[in-house]
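Here the structure comes first, spelled out in structure tokens, and everything after it is commentary.
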Amino acid sequence: MSKSIDHTSNSYGVLHLLGAIMVLYGHQYALMQFPVPVLLGNQIQALGVKIIFVISGYLIAGSFLKDCNLGRFMVKRILRIFPALAVCILFTIFIIGPMMSASSILDYFRGAWEYFWKNLFLCPHYILPGVFIDNPYPIAVNGSLWTMPLEVSLYVLVALILSCISRIRNNTAQKIIMGFFAVLFALASLIRLYVMPSDLRWVFWGTDWASASTIGDAAYFMIGSFLRVADIKRYLSLPVASLILLFASTLSYRYIEAISLLVIPYFVLSFSENGVPFLSSWVERHNISYGVYLYGFPVQQTLLGLIWVLADIKVSPNAFFIASLIITGLLAMASRNLIEQPASELAKKITKTDAR
């Protein structure tokens with residue numbers, strides 16, 4: 001259907017890492033109970049997630065189009081997601097939890113089992129007994145895990161859609177069908193945000209599937225997937241995208257999200273297609289974005305518990321961000337080298353293909 005992506009000649013990995021760092025940066029304000037910076041009507045961590053979802057949708061669609069075998073696709077996705085996730089959960093339970101829990105060891109480990117199995121099976125569970133109970137943002141151990149069931153569900157949905165439309169020989173029809181799903185999700189996002197009651201909830205398997213964030217992020221993923229199928233590279237321009245983004249960021253428009261659904265994906269892909277050769281090749285060899293996303297929240301909560309609560313030292317947000325970024329980066333690098341890379345090699349052996 002379309003050509004594969006050479007990751008060393010573009011900046012998808014760079015921007016994906018930037019999105020994860022934006023999540024880390026925004027979370028520090030929320031966890032300190034400070035006002036969170038806002039851009040394009042989004043708190044900075046929410047904008048980071050949307051950037052990640054656009055890129056994920058684009059690359060996931062590209063991965064499937066490169067090898068339209070659903071079984072091999074799922075093996076690669078499982079080995080990409082679950083080994084690093086499992087290790088992060090275990091690290092949180094056995095290293096962070098006992099150090100930060102106010103509960104007895106017996107009570108702590110009795111309750112830790114639920115945290116392990118629920119998060120491993122993508123049913124977000126944020127509580128470990130007695131952990132972070134005195135933090136400014138109490139109790140939540142790893143709030144970033146809320147996106148995991150959504151992202152994996154979208155992997156499956158996009159793969160199923162592409163598996164069906166790949167049987168159609170007409171490229172225009174393929175683009176129209178994928179565009180239909182992108183528009184459907186975008187409209188659902190806007191209706192949920194501007195029309196439906198704000199207290200509407202549909203919680204299943206630990207996730208509120210009716211929340212504006214869930215539906216909105218899904219829309220960005222689907223738009224990214226559509227733009228990959230549509231193969232819009234020739235229409236991308238970083239100068240044009242930058243000017244549009246600059247203009248949109250000055251707006252204080254009630255319906256700014258309707259504009260963001262167009263502006264953010266176009267800027268993300270325009271930036272990503274203009275590779276920074278040295279930085280892009282380094283990120284490709286040391287892609288720590290997934291680890292930064294997984295470990296950032298519990299690292300920040302731990303530092304807050306140790307510095308703000310126990311030591312009663314009120315550091316500035318910027319100093320706190322630098323400290324948390326360094327520690328998170330080291331853990332993410334360990335995850336990349338010790339878990340993610342071996343899992344990727346295993347995926348290659350099992351599928352006999354590139355593990356992307």
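Only the coordinates and a few stated rules stand behind these numbers; no lab work does. Bear in mind that the values here come from a model prediction, so they are computed numbers and not experimental data. Heads up, the Cβs are rebuilt from the backbone with ideal geometry, glycines too, and the neighbour counts pull from every protein chain shown.
Run down the lysines and flag those whose C-alpha is under 24 Å from the C-alpha of Lys352, throwing out any fewer than 8 positions away in its chain.
Partners within reach: Lys3, Lys66, Lys76.
Based on the mean of other beta carbon atoms within 10 Å per residue, what is the order of 120-133, 227-240, most packed first?
Taking the mean over residues of other Cβ atoms within 10 Å, the ranking is 120-133, 227-240.
Report, to the nearest 10°, how far helix 171-194 tilts away from the longest principal axis of the Cα atoms in the chain, using its own Cα long axis and a range of 0 to 90°.
Taking Cα atoms only, the helix is inclined about 40 degrees.
Output the relative contact order of region 15-69, whole-number percent, from Cα pairs under 8 angstrom with separation of 6+ residues.
39
As a check on your grasp of the helix formula, calculate [θ] at 222 nm for the chain: sum -39500 (n - 2.57) over DSSP H runs of n ≥ 4, divide by the residue count, round to the nearest 500.
Computed mean residue ellipticity for the chain: -21500 deg cm²/dmol.
Under a crude label model (7 Å from the Cα following the beta-carbon direction), how far is Asp134 from Asn69 in nanometres?
5.6
Quick one: which of 20-33, 157-170, 47-60 comes out on top by average Cβ neighbours within 10 Å, and what's the full order, highest first?
47-60, 20-33, 157-170
Once fully extended, how much extra length lies between Ile95 and Asp208, figured as 0.36 nm per residue of separation less the alpha-carbon to alpha-carbon distance?
Gain in length upon complete extension: 37.7 nm.
Figure the gain on full extension for Phe34 and Glu345 (residue separation times 0.36 nm, minus the Cα-Cα span) and round it to one decimal in nm.
Extra length available between Phe34 and Glu345 comes to 107.7 nm.
Measure off 7 Å from each Cα along the Cα-to-Cβ vector at Tyr194 and Ala311, then give the distance between these two points in nanometres to one decimal.
For the pair Tyr194/Ala311, the computed spacing is 4.8 nm.
Tell me, how many Å apart are the Cα centres for region 84-135 and for region 291-339?
17
Tell me the angle of helix 341-351 to the major Cα principal axis of the chain, expressed in degrees between 0 and 90 and rounded to the nearest ten.
40
Taking the Cα atoms only, what angle lies between the long axis of helix 212-230 and the longest principal axis of the chain, rounded to 10 degrees?
Rounded to the nearest ten degrees, it is 40.
Relative contact order of the chain, please, whole-number percent, based on alpha carbon pairs below 8 angstrom and at least 6 residues apart.
About 31 percent, as a whole number.
Can you pull the one-decimal nm distance between simple spin-label points at Arg110 and Arg201, each 7 Å off the Cα toward Cβ?
2.7
Pull out the extension gain between Ala319 and Leu262, defined as 0.36 nm times the separation in residues minus the alpha carbon to alpha carbon distance; nm, one decimal.
The span from Ala319 to Leu262 would gain 17.1 nm if fully extended.
Determine the relative contact order of region 232-294: mean sequence separation of Cα pairs under 8 Å and six or more apart, normalised by residue count, in whole percent.
About 42 percent, as a whole number.
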